[in-house]
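The values are calculated or read from the model by the stated rules, or taken from the named source; none is laboratory data. A quick note: this is a predicted structure, and the numbers were derived from the prediction, not measured. Ideal geometry is used to build each Cβ from the backbone, glycine not excepted, and the neighbour counts take in all protein chains shown.
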Amino acid sequence: MVILFYFCVESYLVMANLIIDLGNTRIKVFVFDEPDIVYSSIVNDYEKLWAENTYLVDKYNIKNAIISSVRDDDKEIISKIENTVNLVQMSTSLKLPVNILYETPHTLGQDRLAAVCGASVLYPCNNVLVIDLGTAITYDILINNNDYLGGTISLGIGTRFKALHNFTGKLPLLNINTNLNGVYGKTTNEAVILGVQNGIMNEVKGVIAAYNKEFEDLFVVFTGGESFFFDNLIKNRIFAEPNIAMFGLNKILKLNV
């Protein structure tokens with residue numbers, strides 16, 4: 001019985017995949033043992049990422065990994081990780097679970113594509129609008145579970161606060177305040193906060209309404225670091241899935257190794 005258990009554990013470990021997402025502000029690290037996420041963390045710099053990689057490759061006996069990056073300074077860390085695992089670098093030239101109908105696929109952000117691929121895994125046979133709320137807000141549409149049409153990009157919540165501060169003479173740098181509601185502010189701080197928050201909320205609601213007119217039986221999925229702001233919209237066919245891009249990257253890795 002002990003020997004049988006040992007081999008079961010070994011089989012479990014060999015199946016694990018390492019997923020690394022180098023975002024604009026955060027680095028996400030996940031380990032998948034199909035179909036589950038068995039490990040996840042967020043690190044802030046490449047030194048910690050390298051330590052995490054070394055630890056996980058050893059612990060889970062990882063052979064295959066995929067890395068998605070929107071950064072310009074990633075070459076050195078990618079080269080180091082390549083020496084430890086069979087590393088797939090995310091790109092539109094890989095085998096993908098979706099058909100890309102975007103007219104300039106070479107300009108398509110890896111994070112956007114990964115999220116759409118994740119939608120094809122988690123919401124099969126549906127029309128899905130993926131709204132990723134981070135440094136930028138991206139809206140991407142997948143229809144018939146397979147055809148990626150494209151989307152739009154606008155400024156994220158934090159980016160809007162920074163823009164008001166950086167490009168005006170006296171407006172302070174502020175942040176989200178989910179306890180502040182109303183259509184107008186009674187102080188300059190309130191005016192800035194409500195202006196950004198209400199503007200974002202009306203934008204998102206308007207975009208969802210436009211897509212609902214265009215596509216039947218639409219599923220809407222919020223993801224990204226600031227998706228918590230839209231908790232009150234999560235109902236019926238609107239969902240929150242913070243790890244949708246990770247599911248997409250795992251699927252892509254499986255198709256390419």
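What do you reckon, is D217 more than 30 Å from D33 (Cα to Cα) and surrounded by fewer than 12 Cβ atoms within 10 Å (Cβ to Cβ)?
Values: more than 30 Å from D33 (Cα to Cα): yes; surrounded by fewer than 12 Cβ atoms within 10 Å (Cβ to Cβ): yes.
When the stated conditions are applied, D217 passes them.
So if I check each of V2, V38, V29, which one is of a type in the set (A, V, I, L, M, F, W, C), modelled with pLDDT of 50 or more and farther than 13 Å from Y60 by Cα? So the residue among V2, V38, V29 that is of a type in the set (A, V, I, L, M, F, W, C), modelled with pLDDT of 50 or more and farther than 13 Å from Y60 by Cα is V29. Taking the numbered list (1) over 30 Å from A16 (Cα atoms); (2) buried (at least 17 other Cβ atoms within 10 Å of the Cβ); (3) at pLDDT 95 or above in turn, F230 passes all entries but (3).
What is the residue count in the stretch 89-128 for residues that are among the basic types (K, R) and either surrounded by fewer than 19 Cβ atoms within 10 Å (Cβ to Cβ) or not in a helix (DSSP H, G or I) (or both)? So that I can check it myself, show each step before the final result.
Here is the first cut: in the stretch 89-128, the ones among the basic types (K, R) are 95, 112.
Right, trim to either surrounded by fewer than 19 Cβ atoms within 10 Å (Cβ to Cβ) or not in a helix (DSSP H, G or I) (or both) and you get 95.
Selection size over the stretch 89-128: 1.
Among the residues making up the stretch 11-20, those that are at pLDDT below 95 and surrounded by 10 or more Cβ atoms within 10 Å (Cβ to Cβ) are Y12, L13, V14, M15, A16.
To keep it simple, each residue is scored yes or no on (1) surrounded by 15 or more Cβ atoms within 10 Å (Cβ to Cβ); (2) not in a helix (DSSP H, G or I).
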residue	(1), (2)
I153	no, yes
R160	yes, no
P172	no, yes
L180	no, yes
V183	no, yes
K186	no, yes
V192	yes, no
V196	yes, no
G199	no, no
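Look at the stretch 152-181: where a residue is farther than 14 Å from I200 by Cβ and a partner is in a helix (DSSP H, G or I) and not charged (D, E, K, R), sitting 6+ places away or on another chain with Cβ atoms under 7 Å, you get L171/L164; L171/H165; L171/V192; P172/H165; P172/N189; L173/F161; L173/H165. Taking the stretch 223-255 as the range and being among the polar types (S, T, N, Q) and over 20 Å from the mean Cα position of the chain (by Cα) as the test, the residues that pass are N232, N236. What about V220, is it under 23 Å from N144 (Cα atoms), within 23 Å of the chain's Cα centre (by Cα) and not in a helix (DSSP H, G or I)? When the stated conditions are applied, V220 passes them.
Quick check on the stretch 79-105: of everything there that is of a type in the set (V, I, T) and out of contact with any Ser or Thr (no Cβ under 9 Å at 6 or more places or on another chain), which residue is farthest from N250 (Cα to Cα)? Break it down stepwise before answering.
First pass over the stretch 79-105, keeping only residues of a type in the set (V, I, T): 81, 84-85, 88, 92, 98, 100, 104.
Restricting the remaining residues to those that are out of contact with any Ser or Thr (no Cβ under 9 Å at 6 or more places or on another chain) gives 81, 85, 88, 92, 104.
On the way: I81: 17, V85: 15, V88: 11, T92: 15, T104: 24 Å.
Checked the stretch 79-105; the qualifying residue farthest from N250 (Cα to Cα) is T104.
Taking the criterion of being touching a strand residue (DSSP E or B) at 6+ places or on another chain (Cβ under 6 Å) and either acidic (D, E) or under 20 Å from E34 (Cβ atoms) (or both), the residues of the stretch 64-87 that qualify are N64, A65, I66, I67, S68, D74, V85, N86, L87.
For the stretch 24-46, check the following and say yes or no: at least one residue is under 21 Å from the mean Cα position of the chain (by Cα), assigned to a helix (DSSP H, G or I), more than 19 Å from N243 (Cβ to Cβ) and of a type in the set (D, E, K, R). For the stretch 24-46, residues under 21 Å from the mean Cα position of the chain (by Cα), assigned to a helix (DSSP H, G or I), more than 19 Å from N243 (Cβ to Cβ) and of a type in the set (D, E, K, R): absent.
Let's see how each residue does on (1) of a type outside the set (K, R); (2) touching a Pro at 6+ places or on another chain (Cβ under 6 Å); (3) closer than 30 Å to V220 by Cα; (4) outside the structural domain of F239 (by TED's automatic domain parsing):
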{"site": "V70", "(1), (2), (3), (4)": "yes, no, yes, yes"}
{"site": "K75", "(1), (2), (3), (4)": "no, no, no, yes"}
{"site": "V85", "(1), (2), (3), (4)": "yes, no, no, yes"}
{"site": "H106", "(1), (2), (3), (4)": "yes, no, yes, no"}
{"site": "Q110", "(1), (2), (3), (4)": "yes, no, yes, no"}
{"site": "G118", "(1), (2), (3), (4)": "yes, no, yes, no"}
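Rundown of residues vs (1) charged (D, E, K, R); (2) more than 30 Å from L94 (Cα to Cα); (3) outside the structural domain of C125 (by TED's automatic domain parsing), yes/no style:
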position: G182; (1), (2), (3): no, yes, yes
position: N198; (1), (2), (3): no, yes, no
position: N212; (1), (2), (3): no, yes, no
position: G225; (1), (2), (3): no, no, no
position: D231; (1), (2), (3): yes, yes, no
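Among the residues examined, V98 does not qualify as closer than 18 Å to A240 by Cβ and in contact (Cβ under 8 Å) with a residue 40 or more places away in the chain.
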